[in-house]
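Quick note: the coordinates plus some simple rules give every number you see, no bench work behind them. Keep in mind the model is a prediction, meaning the values are calculated, not measured. All Cβ positions, even for glycine, are placed from backbone atoms using ideal geometry, and neighbour counts span all protein chains on display.
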Amino acid sequence: MSCDNVLFTRTRREFLRRAGGGFGTLALAHLLQTQPVAGADSGSAAASALPSRPLPQRAPTARSVIFLFMEGGPSHLDLFDPKPELNRLAGQKIPDSFRRVITAMGEFSSPLLGCKRTWAQHGQSGLWVSDWLPHTAQCADDLAVIRSCWGDGINHSSGVCQMNTGSPLGGRPSLGSWVSYGLGTENADLPAFVVMQDNPSPVINGPRNWSAGFMPAAYQGIRLSSGAEPIPNLNTPMDVTTERQEGRLAFLNRLNRNYADLHPDQSELEARIASYELAWRMQSAAPEAVDLTKETEATKALYGLNEKATETFGRMCLHARRLVERGTRFVQLYSGAGSRWDAHTRMEENHSGLCRSIDKPIAGLLRDLKSRGLLDSTLVVWGGEFGRTPQSEKGDGRDHNPTGFTMWMAGGGVKGGQTIGTTDELGLHAVDERLHVHDLHATILAALGLDNMDLVYKFKGRPERPTLNEGEAYRKIFG
């Protein structure tokens with residue numbers, strides 16, 4: 001028997017099962033072709049990309065998201081949430097009145113650590129920002145600073161996992177995957193969900209942070225490099241003709257399709273096939289999308305590409321703008337990959353360098369999006385997995401604090417120049433307008449026109465939702 005006969009042999013039972021199921025797939029194919037991706041024409045390339053399950057349940061205020069993730073936990077007490085009482089009591093033990101809950105974070109016997117930053121109000125809104133972020137401060141009127149965030153993850157693994165997937169336990173789809181599932185892509189030649197990090201150190205939990213969990217693997221994030229060549233091996237070698245390349249891919253596709261037919265429950269292979277097909281399309285679209293030589297010198301300087309401290313994150317931010325400009329739905333940028341924002345000691349040295357690396361690029365991103373009319377349709381989110389404690393650790397650092405921390409949002413219909421919620425006088429616990437991670441995710445989805453309770457994926461007969469049947473969008477944040 002020839003190899004071809006071995007590859008394509010079928011039992012009679014298998015033939016009958018597939019022949020009967022084929023009639024149903026004809027109807028399904030018609031429905032998928034005629035149901036457009038939100039925001040795309042039914043005849044466009046986007047309509048034939050990732051299938052869009054639920055269309056937006058509400059009018060969206062944003063078309064895409066850029067999530068600026070400070071991995072390790074930035075200190076809200078030294079960036080966006082000034083606490084005069086903390087400085088007044090610096091060096092003393094935390095008062096009993098603040099020990100309202102028993103937590104595993106830090107030692108209550110440790111003395112309070114004062115903030116050494118200089119604070120000022122910025123913009124017409126008078127938003128408080130420390131001197132660690134002078135460039136971001138100039139964009140104060142575009143920011144909605146949420147000082148009352150809280151979560152359940154006490155360590156980095158659970159905190160990063162929850163901020164990405166809604167759960168401290170691994171295995172669930174990431175927020176970007178839910179967005180890809182809910183809305184599909186606007187550009188079939190580019191990934192719908194892209195991830196970049198600023199150094200080679202592994203992000204806590206690794207690819208699980210941008211995985212599709214129990215959903216088809218096609219919805220997982222695609223990680224690009226932060227270097228000069230974001231997509232390695234994208235360009236065809238000079239000695240390989242187009243015909244030769246097409247022949248290779250066609251043969252590989254036949255092998256993969258045959259194996260996929262024999263193992264219909266393995267979505268990973270379907271995702272791999274889709275990735276090969278996407279890679280083929282990207283060979284024409286992606287080089288232009290990631291080619292920063294097309295940008296003016298003024299734009300590069302705006303992002304800090306001409307400065308060593310800001311070059312890496314500035315390049316990532318500029319790539320993010322170019323991707324959302326071309327239809328990518330969700331871009332996540334990791335600063336401090338490997339938990340470098342985790343300042344258990346030498347707080348001043350740690351945050352000083354990291355803030356310098358992100359401040360100008362982030363301000364440049366906001367200004368560039370705004371000047372191009374893209375900020376209205378792009379929701380920019382900033383934050384980490386948690387904040388830091390008011391108590392000192394090792395004398396000059398701060399421990400993890402998931403009970404009260406700060407994040408901010410800008411663009412995408414968000415009303416800028418506002419401060420939402422408060423923490424107590426020492427910045428330990430969120431007390432007013434408390435927003436759990438589920439509420440934050442629900443708010444991000446709401447900006448995209450998706451209701452967190454209506455966005456459902458059936459897994460093993462169980463309706464799964466991005467916020468685990470919890471959370472409510474904070475609609476006051478929108479203008």
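Going by how many other beta carbons lie within 10 Å of each one, how would you line up Ser335, Ser97, Ser125, fewest first?
The fewest-first ordering by Cβ neighbours comes to Ser97, Ser125, Ser335.
Based on Cβ point charges of +1 for Lys and Arg and -1 for Asp and Glu, what charge dipole magnitude is obtained for segment 312-417 about its Cα centre, in debye rounded to the nearest 20?
With Lys and Arg at +1 and Asp and Glu at -1, about 540 debye.
Using a Cα-Cα cut-off of under 30 Å, which lysines could be cross-linked to Lys300, ignoring same-chain neighbours fewer than 8 residues away?
The qualifying lysines are Lys308, Lys360, Lys370, Lys415.
For a protection proxy built on the mean count of beta-carbon atoms within 10 angstrom, sort 354-360, 397-403 highest first, please.
397-403, 354-360
Take peptides 182-193, 377-388, 150-161, 466-477 and line them up by average Cβ neighbours within 10 Å, highest first, as a rough protection proxy.
Order by mean packing, descending: 377-388, 182-193, 150-161, 466-477.
So how do Arg326, Arg244, Arg315 line up by other beta-carbon neighbours within 10 Å, fewest first?
Arg244, Arg326, Arg315
For a quick protection proxy, order the peptides 82-92, 64-74, 287-297 by their average other-Cβ count within 10 Å, most packed first.
Descending packing order for the listed peptides: 64-74, 82-92, 287-297.
Starting from the Cα of Lys476, draw a straight line to each of the aspartates and glutamates and keep only those under 13 Å, dropping any in the same chain fewer than 8 residues away.
Glu433, Asp439
Just want the ordering: Cys149, Cys139, Cys115, from fewest to most Cβ atoms lying within 10 Å of their own Cβ.
Cys115, Cys139, Cys149
Name the lysines eligible as straight-distance cross-link partners of Lys83: C-alpha to C-alpha under 18 Å, and not fewer than 8 places from it in the same chain.
The reachable lysines, counting only those whose Cα sits under 18 Å from Lys83, are Lys93, Lys116.
If I model a spin label as a point 7 Å beyond the Cα along the Cα-Cβ vector, how far apart are those points for Thr118 and Asn256 in nm?
In this crude spin-label approximation the distance works out to 5.7 nm.
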